[in-house]
Structure formats: C-alpha cells, structure tokens
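Down below is the structure, laid out as structure tokens.
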Amino acid sequence: MARRRAAGRSRSVSLPLAVLALAAAGSLGGIIYNVVAPRGIFRPAPAVVPPPPAPPAAPKPAVHRPKPKPGDGVVKPPVVTPPPGPAEIRIIDLAEARRLLDARGATFVDARSAIGYEFAHIPGALNVPFSDFPAAYAREAARLPKDAPLVVYCTSGSCDEAEITLGHLKAEGYRNLMHFKEGWNAWEIAEYPQEKGPGPR
Amino acid sequence: MGDRRVSAREGAGATLTPVVTAVCRLLLAAIFLTAAVGKLAQPKAFLRAVLEYQMLPPALAPWVAAMLPGVEFLAGAVLLTAAFQGRRREVWAVAAAWIVAGLLAFFTAALTVNLLRGVPMNCGCFDILGEHLPYFKPTKATWATVGRDLLMLLPALPLLRARR
C-alpha cells in the first residue's frame, strides 16, 4: 500500500498553534522595535522646550515734524487703495515654520482632530479641526484676528485636513494664510518644540 | 490500490491552484509589508491614528499600535517566502493567511462602526505610500475605504485552507 504523505504538512504544529505563534512573535517584535527605535512609541518623547521669549520691542523712533513747505495745505486727492484680491495661500516649509514660531511671527492653526492635537501640537497652536469648523471657529475666533498671519497644518503633506480648514478660513475673509504642508510628522521627526493637552481655553 | 487516474479537468485545476495560491500570497504580502513598513517608519503617527478610532482605552492604544505593525510585517514576510516555497511549511503560510484575513475583517468592521458613529478619522493604513501615490493618500475614511478593505480580503480567502 502506497504510503501517502502530503508534502509540506507539518505533523508537529497545528494550525491554531501556528496562528498563535505568528501573532505572538509579531507582537513581541513590534514591542521590541518600539522600545529600541529612536522614534518608537515607548521611547521617551523629546523634552518639551518652551519657545524662546519674545524679542524686546524695538524703541520707537523720535517723531520728526518737518517744517511746513510752500504748497502745504493744498488739498491732495485721496489715495485709493485697490480692494484686496483673492487670498493666495502661501506654502511654507519646515524651516520657515520654525522661524515663524521662534519670532512669534504667526498664529499656528492645527487642523487635525482634537485627539491628534491633544497628543502633541506646535506650541501655542490653536485647534480648529477640519471636521467641525463652525463650532471650532466660533470658539477660537477671538484669537484669530482677520489680518493676522496664520499658519495652518495637519498631519503630513498628503492629507487634506489643512486644505479643508484653509478653504473655510479663506471663505471667512482671512487674507494672510500660509500652509505648512509638511505638517506635524515633519515637525515631530525634527524633534522641534511641542506641547500636549487641550490648549488654551 | 494503485495510481488514481486524474482527469484532464483535475489536472488543469491541479496546475492552476499553485499559481493562484502563489499570486494571492504575493499580493497580500506586498500589501501588508508596505502597510507595516509605513507604520514602523512613523510609529507615533500610527498611534495617533489608533487613538482617532476611539475604540480602545487610551492605556491600551500604545500596545496595540506597537504590536499590530509587527504582526502585519511577520505575516507579510511569511506569505512572501511561502509564495516561493511551494508546499513546504504550508501550515505557516495558512496561519499567516488567517492572520491577514482576521486583520482585514477587523479593520473593515472598525471602519464601518466609526462611519456609522460619524467619527471623523483617517484610515491610517498607507500613509508612507500616500506620500507618493495619490490612490493611497490618507484622506478621511469613507465607505470606499471599507470597499477597498473588502476587496483585499478576496485574495486571502483561497489561502485559508491547506491545499490537498
């Protein structure tokens, strides 16, 4: 009688045991990776470094009143300021975003969900989630003057959360908008300053 | 007792089955290795994605976010090597297929639940690939994402039983 033995069938390992073994080995490998890797989940986060203090205000120059010249007092035609054109959203990179933070040259707007924002965000950034703009904007509008330079960011360059929020802000009349396209992923990888928690109330 | 005669149809099927099996294993290996590498490259980004699902206690989320990419990577690696090894060590290949199918079923269920709950989130599956390929752009999860995951489940189904 021919003795049949299926090729490749292991008699020592059953299928359920093989599933458990693979799952356990994979899980253990994942945990070890996240302990050892520089950006692993279980690695200590870089120390939260507060942004540098604002530079001292430059002294105001003395007001120089020139002597009146002949012809002064003639009514001059008013200067007509052309109406503002459509807002052009400027894309900025990581270096410029860091420069703006250090110089306090803009207000940062985090377009991610509240969970992502509270996990970590750029210091001083306000959370205006893309998914709930009306409520978030109503909450933060007082801290977002219409003429203030705003830098909007989300997770990375390939998500659309920042673009959605930028569209809403543009519709609200904001004209000085910047898109930090590389987003939070690039900021975190560069180990730049970060804050955690719900942000200002 | 002797050699069993094999019909032409059975012969054709016996020839096609190893090819279909190898192709399905390669396809799933490519998908899961790519997804795993992306998650391992940016572990904290994946942790944020897990938190956004709002399905796990916050204390448990880091552990799941750490373990899941490791399981995906190992299952993908086993399927990749099994695609070239024929029927040797087939129980491990079938086990990897069950793991892959289980993960896909879980992702599909989790996405469906959150879409019904109205929880806004990104899928968080292929972020690294999404940097270069528009199809994998990590936009908001939609019913199309659920459909995509169900399609990925199809090549796993023939792999769930060891070949006779």
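The values are calculated or read from the model by the stated rules, or taken from the named source; none is laboratory data. Since the structure is predicted, the reported quantities are computational estimates derived from the model, not experimental observations. Reconstructed Cβ throughout: ideal geometry from the backbone, glycine too, with neighbour counts over all protein chains shown.
The figures follow:
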| item | result |
| --- | --- |
| Residue check, B:Trp63 at pLDDT 90 or above and surrounded by fewer than 19 Cβ atoms within 10 Å (Cβ to Cβ) | yes |
| Enumeration of residues in region B:37-67 that are of a type outside the set (S, T, N, Q) and facing chain A (nearest Cβ under 7 Å) | B:Leu40, B:Pro43, B:Lys44, B:Ala45, B:Leu47, B:Arg48, B:Leu51, B:Glu52, B:Pro62, B:Ala65, B:Ala66, B:Met67 |
| B:Arg88 at the interface with another protein chain (Cβ under 7 Å from one of its Cβ atoms) and either modelled with pLDDT of 85 or more or over 30 Å from A:Phe130 (Cβ atoms) (or both) | yes |
| Boolean, A:Ala142 is surrounded by fewer than 22 Cβ atoms within 10 Å (Cβ to Cβ) and more than 14 Å from chain B (Cβ to nearest Cβ) | yes |
| Filter pass, A:Pro53 being at pLDDT below 55, loosely packed, with under 12 Cβ neighbours inside 10 Å and either under 18 Å from A:Gly173 (Cα atoms) or within 34 Å of the chain's Cα centre (by Cα) (or both) | yes |
